[in-house]
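Inspection log for the structure reproduced underneath, given as structure tokens.
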Number of protein chains: 2
Amino acid sequence: MSAAPVRGRAVAVGGGTGLPGVLRCLAGLGYDTSAVVTMADDGGSSGKLRAELGMLPPGDVRNCLVALADEASPLARLFQYRFPHGEGLAGHALGNLVIAALADITGSFPRAIEEAGRLLGAGGHVLPSTLADVSLHATDAVGEPVSGQARIATSDGPVAHVRLEPAAPPAYPPAAEAIREADLVVLGPGSLFTSLVPNLLVPGIAEALRETAATRVYVCNVANQRGETSGMDAADHVEALLAHGLDGALDVAVVHVADATPERPGRCLVYDDGCGRLEPVGAGREALARIESRGVRVVAADVVDADDHRRHSRHKLCRVLEGLTG
Amino acid sequence: MSAAPVRGRAVAVGGGTGLPGVLRCLAGLGYDTSAVVTMADDGGSSGKLRAELGMLPPGDVRNCLVALADEASPLARLFQYRFPHGEGLAGHALGNLVIAALADITGSFPRAIEEAGRLLGAGGHVLPSTLADVSLHATDAVGEPVSGQARIATSDGPVAHVRLEPAAPPAYPPAAEAIREADLVVLGPGSLFTSLVPNLLVPGIAEALRETAATRVYVCNVANQRGETSGMDAADHVEALLAHGLDGALDVAVVHVADATPERPGRCLVYDDGCGRLEPVGAGREALARIESRGVRVVAADVVDADDHRRHSRHKLCRVLEGLTG
């Protein structure tokens with residue numbers, strides 16, 4: 001992973017499983033790369049560590065650090081090891097425990113991230129969007145409240161609106177600064193309301209996104225997430241971002257379009273992968289026109305993983321990102 | 001920590017808190033250094049991991065690896081970090097969890113130790129005396145049985161005899177080989193019945209100790225451990241080793257002798273350190289003569305830590321070990 005910033009500075013904003021692929025792409029393209037990650041996670045190993053140790057959630061941070069790690073680092077694989085058994089250990093990723101130990105030793109979550117990055121030989125920075133102890137609260141399409149990132153991500157109905165508690169937490173200054181100084185900002189792919197929007201709900205982050213001279217690119221998911229975005233097309237995804245702080249702060253939307261892309265969502269493919277019905281994000285002509293009408297340029301491309309239609313192909317997406325800034 | 005074996009090969013045998021100091025001494029003196037450590041531990045973090053993950057106890061291994069670690073290793077301090085809170089995490093040393101993860105990933109406890117040693121830049125090898133899942137069982141002075149290393153170490157009466165279950169486990173071949181090929185073997189300091197003797201109860205280890213051409217040195221503890229060795233003098237310590245497999249396999253006993261050393265144990269000093277009464281190991285003339293009568297040369301020296309009379313001074317002990325083989 002070259003550290004030579006031949007292309008300037010890039011920041012990937014989000015959380016969850018979509019961010020590491022983008023980070024590896026940007027670093028591989030030669031960008032001086034940073035990640036700005038949500039601190040609203042409360043599920044799994046991260047959620048347990050938040051509750052038991054009173055720390056910020058380390059999971060997304062860990063995945064980003066490993067994505068930026070020196071490929072020869074023997075620690076990267078260890079960081080991703082998850083205990084399969086053990087009372088109180090089962091489910092924990094070892095890297096989360098390392099970050100927890102470093103946070104306690106250094107007395108600072110950002111310093112723990114720096115130290116862990118040094119151990120991994122990470123070629124880039126991972127920055128929490130806020131250091132506040134925030135929780136995520138949603139209202140669904142019929143007005144019912146749902147509380148907690150993990151519960152929102154697995155709730156029944158599509159989400160209409162999310163907010164943080166406490167509201168308007170202060171941005172972590174280096175995260176806002178990285179966005180301000182970037183040449184390229186990539187949001188997503190990732191869970192719309194539970195990974196991307198929580199970053200925008202930090203006013204200092206949304207403000208930095210509005211003020212930066214960077215090209216601001218949203219990578220729309222290829223498939224909807226049941227209970228979070230079901231029934232939403234690509235334009236609905238973009239509208240949700242604009243409604244949650246990104247208004248006037250988005251230049252490009254990368255939308256998956258292929259021969260089989262339905263005009264409207266709902267024409268579900270049935271997958272036999274244990275995940276139930278898979279609903280591609282609608283990206284028909286009307287949806288793309290609605291996006292353009294909001295002043296956001298649409299880059300329509302086949303970016304889906306051929307073997308897993310829930311995800312982007314890292315390679316295809318990276319070629320699109322490369323082309324955007326070539 | 002120089003790797004140049006200017007002095008030949010040394011092996012430290014034992015377990016517990018005494019071993020790391022000897023390892024650092026031997027490596028610092030220029031020996032190609034290995035540790036042979038007991039696998040009978042069942043207390044604390046090690047005991048929990050044994051019970052919950054079905055692995056061998058990593059605690060002594062971790063302490064030895066850290067003692068042999070490159071002093072610049074940023075991981076060494078992390079390995080020794082102990083979680084103060086957290087359901088199921090509290091009490092675990094992070095290095096134990098790393099070794100547990102490596103044991104699961106590699107499918108082999110010795111390979112996990114090697115990998116952990118590589119991560120730490122360890123200048124030496126740490127070898128379990130056996131890979132069998134052994135437990136320690138004792139009979140005390142009045143014939144009462146006590147089971148389990150941790151319970152034996154904290155039982156009321158002095159221990160008379162210990163045995164392993166299963167009895168006569170196979171030695172880990174590289175451990176026996178290291179002893180056979182050594183120029184110097186140091187046993188202790190350490191808990192007599194719960195850290196030292198468990199290694200001797202592995203027949204292949206006792207046999208290697210009898211057959212090696214190495215100078216075999218026993219470093220007798222400076223203070224007795226309540227419930228394990230109370231009332232025993234230095235000759236009783238030596239007798240216990242000879243009775244548990246070391247007969248004909250001991251050349252030198254390093255015994256702490258200072259002006260205040262009592263002729264017989266029982267003249268207890270009262271310490272205000274929360275540890276209750278401290279009982280120096282008796283090392284009067286009669287005790288030393290009894291040791292010599294068994295064909296073991298006594299090296300009597302002031303080796304106690306001036307600030308903590310329960311422990312050896314690492315520096316003083318190292319000078320004695322250096323003199324033995326100079």
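The values are calculated or read from the model by the stated rules, or taken from the named source; none is laboratory data. Quick caveat: nothing in here was measured; it's all calculated off a predicted structure. Every residue, glycine as well, gets a Cβ built from its backbone with ideal geometry; the counts of neighbours run over all protein chains shown. Each accessible area value is taken on the protein alone, full model and side chains, heavy atoms only, with ligands, DNA and RNA left out. Shrake-Rupley method; radii C 1.70, N 1.55, O 1.52, S 1.80 Å.
General remarks:
- Annotation: the antiparallel percentage among DSSP beta bridges lying fully within chain B is about 35.
- For B:114-122, mean number of other protein chain Cβ atoms within 10 Å: 1
- Comment: the Cα-to-Cβ extended label point of residue A:118, at 7 Å, lies 2.4 nm from its counterparts in the other copies, nearest first.
- Copies compared at residue B:174 - label distances in nm, ascending, label defined 7 Å from Cα in the Cβ direction: 3.8
- Rounded to whole numbers, the Karplus 3J(HN,Hα) couplings from phi for segment B:62-74 are 4, 4, 5, 4, 5, 5, 8, 5, 4, 5, 8, 5, x Hz, using 6.51 cos²θ - 1.76 cosθ + 1.60 with θ = phi - 60°, and x at Gly and Pro.
- Its relative contact order, with pairs defined as Cα atoms under 8 Å and 6+ residues apart, puts chain A at 16 percent.
- Per-residue ellipticity at 222 nm computed for the protein assembly as shown from its helices equals -10000 deg cm²/dmol, with DSSP H segments shorter than 4 residues left out and the rest contributing -39,500 (n - 2.57).
- For q = 0.14, 0.18, 0.20, 0.23 Å⁻¹, Debye-computed log10 I/I(0) when each Cα of segment A:59-136 counts as one equal scatterer: -0.45, -0.73, -0.88, -1.08
- Nearest beta carbon of chain A to the A-to-B rotation axis, with distance in whole angstrom: A:88, 0.
- Counting, for every residue in B:70-82, the Cβ atoms of other protein chains within 10 Å of its Cβ and taking the mean gives 2.
- Electrostatic dipole magnitude of the protein assembly as shown [Cβ: Lys, Arg +1; Asp, Glu -1; Cα centre; debye, to 20]: 720 debye
- Amide H to amide H distances under 5 Å link residue A:216 with A:185, A:251, A:252, where only residues 5 or more positions off or on other chains count and H is placed in the peptide plane.
- Karplus-derived 3J(HN,Hα) values for segment B:15-29, using 6.51 cos²θ - 1.76 cosθ + 1.60 with θ = phi - 60°, are x, x, 7, x, 5, x, x, 5, 4, 5, 4, 5, 5, x, 6 Hz; glycine and proline are entered as x.
- Average accessible surface area per residue within the protein assembly as shown, 1.4 Å rolling probe, Å²: 40 Å²
- With the label put 7 angstrom out from Cα along the Cα-to-Cβ vector, residue A:302 ends up 8.5 nm from the copy partners, going from closest to farthest.
- Remark: accessible area buried at the B-A interface is about 2100 Å², both chains counted, probe radius 1.4 Å.
- Note that the protein assembly as shown shows a convex hull volume over its alpha carbon atoms of 169 Å³ per residue.
- DSSP beta bridge pairing in the protein assembly as shown, given as percent antiparallel to the nearest 5: 35 percent
- Residues whose amide H comes within less than 5 Å of that of residue A:257, counting only those at least five positions distant or on another chain, are A:301, A:302, A:303 (H built at 1.01 Å from N in the peptide plane).
- Other protein chain C-beta atoms within 10 Å of residue C-beta, averaged over B:91-98: 4.
- Lysines with Cα under 20 Å of residue B:48, excluding same-chain neighbours fewer than 8 positions away: A:48
- Counting only residues at least eight positions apart within a chain, or on another chain, the aspartates and glutamates with an alpha carbon under 19 Å from that of residue B:316 are B:259, B:302, B:305, B:307, B:308.
- Seen from residue A:51, the other residues with C-beta closer than 13 Å to its C-beta sum to a net charge of -3, counting Lys and Arg as +1 and Asp and Glu as -1.
- Karplus (6.51, -1.76, 1.60) ³J(HN,Hα), θ = phi - 60°, over segment B:30-46, in Hz, Gly and Pro reported as x: x, 6, 6, 10, 10, 10, 10, 10, 5, 10, 8, 4, 9, x, x, 4, 4
- Counting only heavy atoms of the protein chains and using a 1.4 Å probe, residue A:55 has close to 20 Å² of accessible surface.
- Accessible surface of the protein assembly as shown, 1.4 Å probe, proportion on carbon and sulfur as whole %: 49 percent
- For segment B:57-207, the Cα gyration tensor yields ellipsoid semi-axes of 27, 21, 14 Å (square root of five times each eigenvalue, largest first, whole Å).
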